[in-house]
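Just so it is clear, none of the values below were taken in a lab; they were calculated from the coordinates. Quick caveat: nothing in here was measured; it's all calculated off a predicted structure. No Cβ is skipped: glycine too gets one built from the backbone with ideal geometry, and neighbour counts run over all protein chains shown.
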Amino acid sequence: MKTFEVKATVEELSYSELTPKELELVNLAREATFRSYSPYSHFRVGAAILLDNGEIITGANQENAAYPSGTCAERSACYYAGAAYPDAKFRAIAIAARGTDGEFVPEPCSPCGACRQALLQYELLAGEGVKVLLVGAEKVYRLDSIRALLPFAFTEF
Ligand code: THU
């Protein structure tokens, strides 16, 4: 029997350690949480995606009375980016969240499994790692790819 490991490296940064472009993306993801429609969970998530054409697309979770019909912030942003700019490559994504108390979560919120799979597809289309910034109230987790969030992923397409 052989074994192998799947690992991810996560960098923890303070806001002052971010590059100006990273900070812009983080702030746009934070702002996007205010456009969340989440009357059921009251958990507001925002995402901001930087494309290689310089555009930044934002999205926020949109809930629905038929609960499974709602969509996470990450997928609302990535599907909009894909629909608006089909030829652009994803470069980076920032994800922020505010909890039921309305405050930004102290511990950065990491995307759900379905969003990881959806985002991975755009990373494969881009042909290189899409930087991930997971935003907490006072710290940011940085990963160099979506793949790091979804090791051992389904990629048979
Ligand atoms: N949600 C997101 O928007 N992104 C995630 O990665 C996890 C969860 C949303 C879905 C739902 O509207 C609310 O947060 C509570 O789960």
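Things worth noting here:
- Across segment 81-86, rounded Karplus estimates of 3J(HN,Hα) from the backbone phi angles (6.51 cos²θ - 1.76 cosθ + 1.60, θ = phi - 60°) give 4, x, 6, 7, 10, x Hz, Gly and Pro being marked x.
- Whether segment 59-157 is rounded, prolate or oblate, judged on the alpha carbon gyration tensor where a/c under 1.5 counts as rounded: oblate
- Per-pair calculated FRET efficiency, R0 = 30 Å: Thr3 and Ala137 via Cβ, rounded to 0.05: 0.20
- Per-residue 3J(HN,Hα) values for segment 127-137, derived from phi via the Karplus relation 6.51 cos²θ - 1.76 cosθ + 1.60 with θ = phi - 60°, read x, 7, x, 9, 5, 10, 10, 9, 9, x, 4 Hz in sequence order (x marks Gly and Pro).
- About the centre of its Cα atoms, segment 1-122 shows a dipole size close to 360 debye [charges on the beta carbon of Lys, Arg (+1) and Asp, Glu (-1) only; nearest 20 debye].
- Shape category assigned to segment 1-108 from the gyration tensor of Cα positions, a/c cut at 1.5: rounded
- Positive dipole terminus of segment 1-82, leading residue within Ala32, Thr71, Ile57 (C-beta point charges): Thr71
- Annotation for segment 7-42 versus segment 49-97: alpha-carbon center distance of 13 Å.
- Per-residue ³J(HN,Hα) for segment 105-116, Karplus 6.51 cos²θ - 1.76 cosθ + 1.60, θ = phi - 60°, Hz, x for Gly and Pro: 5, x, 9, x, 8, 9, x, 5, x, 5, 5, 4
- Relative exposure of Leu125, Leu18, judged by other C-beta atoms within 10 Å (fewest first): Leu125, Leu18
- When the helices of the chain are scored as -39500 (n - 2.57) per DSSP H run of n ≥ 4 and the total is divided over every residue, the value at 222 nm lands at -8000 deg cm²/dmol.
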